[in-house]
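**Student:** Supplied in C-alpha cells, the structure appears directly below.
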Amino acid sequence: MVPAARAAALTEPPIPKRALMRDPLLLTPGPATTDIAVKAAMLRDWGSWDDDFRAVTAEIRRRLRAILGPAGTDYECVPMQGSGSFVVEAMLGTLVPPDGKALVLMNGAYGKRITRTLQVMGRPPVVLDKGDYLPPTPAEVDTLLAADPAITHVVVVHCETSSGILNPVEAIARVVAGHGRRLLIDAMSSFGALDLDPARIPFDAVVASANKCLEGVPGFGWALVRRDVLEAAAGNAHSLSLDLADQWRHMEATGQWRFTPPTHVVVALRAALDAYEAEGGLPARGARYEANRAALVEAMAGIGIRPFLEPDVMSPIIVTFRCPDDPAFDFPAFYEAVKRRGFVLYPGKLTEAETFRVGCIGQVWPADMRAAVAAVAEACAEMGVSLP
Ligand SMILES: *Cc1c(COP(=O)(O)O)cnc(C)c1O
C-alpha cells in the first residue's frame, strides 16, 4: 500500500482527466469511467497486420505480465477477444482437459457462470456452493480434495463481484498446491488492484479483462498462464476461437492475433497502462480504491445505509448495501434519481435481501464517493423514503 499521505493527496478528482462531456460517473464494476487519454487513444485506426500494431500487442503482453511481479516470468500473457466471460471460458476449455475434473468454489453469479460454462462444454464440475455471502474456507477445500483424488483443478473467483466479497485465494492456493492439484483464478474484477504474487499464491492461470481495475474499455481480456502448462495444453480446447494454446502459438510465431483484434480497445489499454503506471501501479491503484471504499462506507453510514457484507470479507472493488427498509423505496426510481444527479449505480444481485451496489473502481476518488452518497440521500428524500 502507498503511504497514507499519498492516498490522502488523491482525495480530489482531477476532473479534466476523465471527461469530454459531463457524463455521469460509472459507480459500477466496469465498464468504468476512463481517463481522457484512454478515450483519446481510440481516435486512430490501426491495421491488425501492421508492424506498429504488432508492437502494441507485444508491449501490452509484456506490461500485463509485469503486474504479477518478479515471479511472473514463468507466465505467458495470452490476450483473447471478447468480454471477460470469453476468456474465462477459454481458460477452462484450454486448461481443464476433457478427462479432467474441476472443483468450482461458488459464492455468487460468477462462480455460477463458471459452473455453467463447464457443464456446457461437457466437463461437469464438482461444486462447493457457499450461497451469496460466505467465502469458501481452506478447510472445506482440503476436505473435498482429500475425498476426491479425481479432482484435477480448483477454480476460484478472487473478488466475487456479485456481492463484492473477497475470497481467501492465498490460503486456498496453499491447500490446492499441498494436494498437488491445479488452481485457476477468475480475477476479473481485482487484477491490477489486489496483489496476486505467484511467489506466495501458486496458480496455473489467472484471467482478467480490460475494462475493470486497469480502467480500459471493454472488448478483450487475457489469461496469464504458466508457460509449461500452456505448452502441455495443446489439443485440449473445446472450441477453435477460444483456444488459448492456439492463440498463444500463433502470437508467438507471428506477433498477431489469430482473428481480428479489437485494435482500438488494445491501444486504449496501452494508454490505460500508462495512467496505471503513472499513478504508481498496483499499490497505488489498490490504495485509491481502498480510500474510495472507506469514504463510501463512512458516508453511507452517516445516512443510515449499511453494507451487506462483514468488513473482513468486503473488497475495495464494489460494495453491496441494504436498500432502505421503507415501502416508498423503489430501485428503478432511485436509480434514475441518482443518475440525474450524475452517478450511475448498480442493482443488487442477491436473492435473500433487497440490495444495491456501488463500484469503487474507475477514474473516481473519495470526493466522488461522498458526492454520490449526497445524491443517494437527496434521491431518497425526493422519493419520500425516510432514512434512520
Ligand atoms: C466482470 C466479471 C466477469 C466477466 O464478465 P463479462 O460481462 O463477460 O465481462 C467474470 N468474472 C468476474 C468476477 C467479473 O467481475
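**Student:** Name the helices (runs of 4 or more DSSP H) wholly within segment 108-213 that hold at least 1 residues that are open to solvent by less than 10 Å² (accessible area, probe 1.4 Å) and closer than 17 Å to MET91 by Cβ?
**Tutor:** Numbers: elements: 109-120, 138-147, 169-178.
Those helices (runs of 4 or more DSSP H) span 109-120, 169-178.
**Student:** Here is a follow-up. Quick one: is LEU273 closer than 29 Å to VAL38 by Cα, within 16 Å of the ligand (Cβ to nearest atom) and touching a residue at least 24 places away in the same chain (Cβ under 8 Å)?
**Tutor:** No: the conditions fail for LEU273.
**Student:** Sticking with this one: Residue by residue through segment 324-377, note down the ones that are over 21 Å from GLY216 (Cα atoms), surrounded by 20 or more Cβ atoms within 10 Å (Cβ to Cβ) and among the aromatic types (Phe, Trp, Tyr).
**Tutor:** PHE334, PHE356 - these are the residues of segment 324-377 that are over 21 Å from GLY216 (Cα atoms), surrounded by 20 or more Cβ atoms within 10 Å (Cβ to Cβ) and among the aromatic types (Phe, Trp, Tyr).
**Student:** When residues of segment 308-327 are filtered for being farther than 23 Å from GLU382 by Cβ and either in contact with an Asp or Glu (Cβ under 8 Å, 6 or more places away or on another chain) or not assigned by TED's automatic domain parsing to the domain that holds VAL297 (or both), how many remain?
**Tutor:** The number of residues fulfilling the criteria is 1.
**Student:** Determine whether segment 133-144 contains at least one residue that is closer than 19 Å to LEU183 by Cβ and within 16 Å of the ligand (Cβ to nearest atom).
**Tutor:** Yes - at least one qualifying residue is present in segment 133-144.
**Student:** Still on this model: Quick one: in segment 65-90, of everything that is outside any helix (DSSP H, G or I) and within 16 Å of the ligand (Cβ to nearest atom), which residue is surrounded by the fewest Cβ atoms within 10 Å (Cβ to Cβ)? Show your work before the answer.
**Tutor:** Within segment 65-90, the first condition is being outside any helix (DSSP H, G or I), and the residues that meet it are 67-69, 75-83.
Subsequent filtering for residues that are within 16 Å of the ligand (Cβ to nearest atom) retains 79-83.
Values: PRO79: 24, MET80: 27, GLN81: 21, GLY82: 18, SER83: 15.
This residue is SER83.
**Student:** Something else: Condition test on PRO283, is it part of a helix (DSSP H, G or I), touching a residue at least 24 places away in the same chain (Cβ under 8 Å) and open to solvent by 50 Å² or more (accessible area, probe 1.4 Å)?
**Tutor:** For PRO283, the condition - part of a helix (DSSP H, G or I), touching a residue at least 24 places away in the same chain (Cβ under 8 Å) and open to solvent by 50 Å² or more (accessible area, probe 1.4 Å) - is met.
**Student:** Moving on to the next point. Is there any pair linking a residue in segment 128-142 that is under 13 Å from ARG174 (Cβ atoms) to one that is not β-branched (Val, Ile, Thr), with Cβ under 6 Å and at least six apart or on different chains, and which?
**Tutor:** Within 6 Å, the pairs are PRO138/ALA171.
**Student:** Okay, next question. So which residues in segment 232-257 are in a loop (DSSP other than H, G, I, E, B) and buried (at least 20 other Cβ atoms within 10 Å of the Cβ), if there are any at all?
**Tutor:** Those that are in a loop (DSSP other than H, G, I, E, B) and buried (at least 20 other Cβ atoms within 10 Å of the Cβ): ALA233, ALA237, LEU242, ASP243, TRP257.
**Student:** Applying the selection to segment 146-196, what residues are hydroxyl-bearing (Ser, Thr, Tyr) and more than 11 Å from the ligand (Cβ to nearest atom)?
**Tutor:** Correct list: THR152 only.
**Student:** Confirm whether ALA41 is part of a helix (DSSP H, G or I), within 16 Å of the ligand (Cβ to nearest atom) and either of a type outside the set (Phe, Trp, Tyr) or touching a strand residue (DSSP E or B) at 6+ places or on another chain (Cβ under 7 Å) (or both).
**Tutor:** Taking the combined requirement at face value, the residue does not satisfy it.
**Student:** Shifting gears a bit: Give me the pairs, please: first residue somewhere in segment 86-111 and among the β-branched types (Val, Ile, Thr), second residue anywhere and more than 12 Å from the ligand (Cβ to nearest atom) and in a helix (DSSP H, G or I), beta-carbon distance under 6 Å, and either six or more positions apart or on two chains.
**Tutor:** Close Cβ pairs (under 6 Å, with a partner that is more than 12 Å from the ligand (Cβ to nearest atom) and in a helix (DSSP H, G or I)) amount to THR94/LEU244; THR94/ALA245; VAL104/THR115.
**Student:** Working only within segment 219-245, note down all residues that are within 16 Å of the ligand (Cβ to nearest atom) and touching a Lys or Arg at 6+ places or on another chain (Cβ under 9 Å).
**Tutor:** Matches in segment 219-245: TRP222, LEU224, SER241.
**Student:** Could you list, in sequence order, the residues of segment 214-231 that are assigned to a loop (DSSP other than H, G, I, E, B) and open to solvent by 10 Å² or more (accessible area, probe 1.4 Å)?
**Tutor:** Matches in segment 214-231: VAL217, PRO218, GLY219.
The values are calculated or read from the model by the stated rules, or taken from the named source; none is laboratory data. Not measured: the values here are computed from a predicted model. Neighbour counts are summed over all protein chains in view; Cβ atoms, including those assigned to glycine, are modelled from backbone coordinates with ideal geometry. In case anyone asks, the SASA skips ligands and DNA or RNA and just uses the protein heavy atoms, side chains included. Shrake-Rupley method; radii C 1.70, N 1.55, O 1.52, S 1.80 Å.
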